[in-house]
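Below you'll find the structure, written out as structure tokens, and then a few comments.
The values are calculated or read from the model by the stated rules, or taken from the named source; none is laboratory data. Predicted model, so just to flag it, every value in this text is computed and none were measured. As a convention, Cβ positions derive from the backbone with ideal geometry for all residues, glycine included, and neighbour counts pool all protein chains shown. When the accessible area is computed, the model is the full protein with side chains, heavy atoms only, and any ligands, DNA or RNA have been set aside. Shrake-Rupley method; radii C 1.70, N 1.55, O 1.52, S 1.80 Å.
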Amino acid sequence: MSTQLHSLKPFNTFNLNAMAANIVIAETAEEMVFVWQKSLADRQPVLLLGEGSNVLFLEDYQGTVLVNRIRGIAVRESDDDWHLHVGAGENWHNLVEYTLEKGLAGLENLAMIPGCVGSSPIQNIGAYGVELKHVCEYVDILDLSSGKIQRLTAQECQFGYRDSIFKHKYQTGYAIIAVGLALKKAWIPVITYGDLIRLDAEKVTPQQIFDAVCYMRTSKLPNPKITGNAGSFFKNPVVSAEQAALLKARFPDAPFYPQRDGQVKLAAGWLIDRCDLKGFTIGGAAVHRQQALVLINQQEATGADIVALAHEVRQRVGTKFNVWLEPEVRFIGALGEKDAVGVIA
Ligand code: FAD
Ligand code: EPU
């Protein structure tokens, strides 16, 4: 366990220059419990952090940032599956590469998603037709007050689109310390999304899907090491069939993704793009030119710049389409998480 310098810049992919009263890197569950309990005794808030690729620091954080770096990957096999038990602090993309090197397929569509394995269940990460819920077997959580560890089955995690029980019942007071994945030995390629449909289902290999996903992502999404960002800033809005029908009548070329429950998912990037907001700037923050759903730290942006830009984007899309975007990114204030919609409304 080590205490670091207090700048949060290396700990958030927006590259915002926020500070924290304290930053602690924890490599074991015991260290996490120790820090949590000490902070509680000192009446200091604690923020759990992976790689900071889905957070927006609105201001300096007045408590302890507890960075999860619990490591380890263990693989075992059953008749039908490869089972992986992965420490929450492992890097997600490294895990994807590790599995492919070992000849274990199933994670290739989820290549290049930044962040830790332990964060992957929280918003049920997804890309190119696959979501974490398709490969998750269980999630181990630590009750930070008692030190007790509990295993939740994938079903108990209540995964939804960018949602899970870790944004609700287990949001506060619990740390994810490990994730169990099950990868089917009988691999079925998922090549239904974007340029992947051009691949030949009979011949395609996991590595080819991985390469195609990396290529698509590199051409659209800014590299946070060069241009600060947190991926999609907003969730894709899900609207009723009636509202979707009205929109379709007015905007027949808009993408519509019907959901199993009859609702329809819209493409927030398309809505923002249609408001001619690509490249739109407020302070140091801008709408990315290649992917309008991504807000970027173009030039020494502050959290306030990003909030002002997000407010403007939400207003313009809302006014034009009567669809009100909600952030996917988690907003962190001086004492903890804030209601993101409330902040930008
Ligand atoms: P952080 O940002 O560190 O934390 C996110 C939230 O989880 C915070 O509220 C934090 O308090 C909490 N938390 C962190 N660790 C723990 C823990 N161990 N226990 C409990 N709570 C914890 N997401 C997708 O789904 N699909 C994509 O295709 C995608 N593409 C992206 C592309 C780019 C360029 C970027 C920058 C982001 C992208 N994202 C994507 C979003 C992001 O990668 C995911 O949300 C990722 O899972 C966040 O991981 P993290 O470790 O950085 O989480
Ligand atoms: N579009 C535009 N203009 C834009 C951006 C998108 O017209 O500027 C259109 C595209 O042409 C396409 C549609 O909108 O018809 C959807 O775009 P894309 O395929 O790029 O996906 P997305 O909906 O913008 C979602 C996820 C991404 C994930 C990709 C690939 C959300 C909020 N975002 O983006 O996840 O990588 O699909 O599966 O669901 C993230 O969550 O941070 C993230 C990057």
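In region 290-302, the residues that are of a type in the set (S, T, N, Q) form Cβ pairs under 6 Å with partners that are part of a loop (DSSP other than H, G, I, E, B) and open to solvent by less than 10 Å² (accessible area, probe 1.4 Å), at six or more places apart or across chains, as follows: ASN297/PHE14; GLN298/GLY284; GLN299/GLY284.
Write out, first by first residue and then by second, each pair whose Cβ atoms fall under 9 Å of each other, whose residues are 6+ apart or on separate chains, and whose first residue, in region 79-97, is on the phi < 0 side of the Ramachandran plot while the second is among the polar types (S, T, N, Q) and outside any loop (DSSP other than H, G, I, E, B). Sorted first by the residue in region 79-97, then by its partner, the pairs are TRP82/THR99; LEU84/THR99; GLY87/ASN68; ALA88/ASN68; ALA88/SER119; GLY89/ASN68; TRP92/SER119.
Table: residues versus (1) part of a helix (DSSP H, G or I); (2) more than 23 Å from SER53 (Cβ to Cβ); (3) among the aromatic types (Phe, Trp, Tyr); (4) open to solvent by less than 20 Å² (accessible area, probe 1.4 Å).
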{"site": "GLY231", "(1), (2), (3), (4)": "no, no, no, no"}
{"site": "LEU247", "(1), (2), (3), (4)": "yes, yes, no, yes"}
{"site": "PRO252", "(1), (2), (3), (4)": "no, yes, no, no"}
{"site": "ARG260", "(1), (2), (3), (4)": "no, yes, no, no"}
{"site": "LYS265", "(1), (2), (3), (4)": "no, no, no, no"}
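Would you check if LEU48 is of a type in the set (A, V, I, L, M) and within 13 Å of ligand 1 (Cβ to nearest atom)?
Here the answer is yes, as LEU48 does meet what is asked.
Once region 105-152 is narrowed to residues that are more than 13 Å from ligand 1 (Cβ to nearest atom) and basic (Lys, Arg), the residue that is least open to solvent (accessible area, probe 1.4 Å) is ARG151. Within region 153-169, being surrounded by 14 or more Cβ atoms within 10 Å (Cβ to Cβ), in contact with an Asp or Glu (Cβ under 9 Å, 6 or more places away or on another chain) and either under 19 Å from LEU48 (Cα atoms) or of a type in the set (Val, Ile, Thr) (or both) holds for ARG162, ILE165. Scanning region 56-63 turns up no residue that is within 16 Å of ligand 2 (Cβ to nearest atom), within 15 Å of GLY115 (Cα to Cα) and touching a Ser or Thr at 6+ places or on another chain (Cβ under 6 Å). What do you reckon, is ASP195 within 14 Å of ligand 2 (Cβ to nearest atom), surrounded by fewer than 20 Cβ atoms within 10 Å (Cβ to Cβ) and not hydroxyl-bearing (Ser, Thr, Tyr)? Spelling it out, ASP195 is indeed within 14 Å of ligand 2 (Cβ to nearest atom), surrounded by fewer than 20 Cβ atoms within 10 Å (Cβ to Cβ) and not hydroxyl-bearing (Ser, Thr, Tyr). Taken together, the residues in region 327-345 that are surrounded by 15 or more Cβ atoms within 10 Å (Cβ to Cβ) and in a loop (DSSP other than H, G, I, E, B) amount to 4.
Name the pairs: first residue in region 191-205 and touching a residue at least 12 places away in the same chain (Cβ under 8 Å), second residue within 11 Å of ligand 2 (Cβ to nearest atom), Cβ to Cβ under 7 Å, at least 6 apart or on different chains? Within 7 Å, the pairs are THR192/GLY129; TYR193/TYR128; TYR193/GLY129; GLY194/TYR128; GLY194/MET216; ASP195/MET216; LEU196/TYR128.
Among all residues of region 274-290, there is at least one that is within 25 Å of PHE57 (Cα to Cα), within 16 Å of ligand 1 (Cβ to nearest atom), under 20 Å from the mean Cα position of the chain (by Cα) and surrounded by fewer than 21 Cβ atoms within 10 Å (Cβ to Cβ). Considered as a group, the residues in region 303-326 that are open to solvent by 70 Å² or more (accessible area, probe 1.4 Å) and under 21 Å from the mean Cα position of the chain (by Cα) include one that is farthest from ligand 1 (Cβ to nearest atom), and that residue is TRP324. Here TRP270 fulfils each of the conditions (1) open to solvent by 20 Å² or more (accessible area, probe 1.4 Å); (2) more than 9 Å from ligand 2 (Cβ to nearest atom); (3) part of a helix (DSSP H, G or I) apart from (2). Residues in region 172-185: is at least one away from ligand 1 (no atom under 12 Å from the Cβ), surrounded by fewer than 20 Cβ atoms within 10 Å (Cβ to Cβ), among the basic types (Lys, Arg) and in a helix (DSSP H, G or I)? No, that holds for no residue.
Criterion applied to ILE70, ILE25 was being touching a residue at least 24 places away in the same chain (Cβ under 8 Å), outside any loop (DSSP other than H, G, I, E, B) and more than 16 Å from ligand 2 (Cβ to nearest atom), and the one residue passing it is ILE25.
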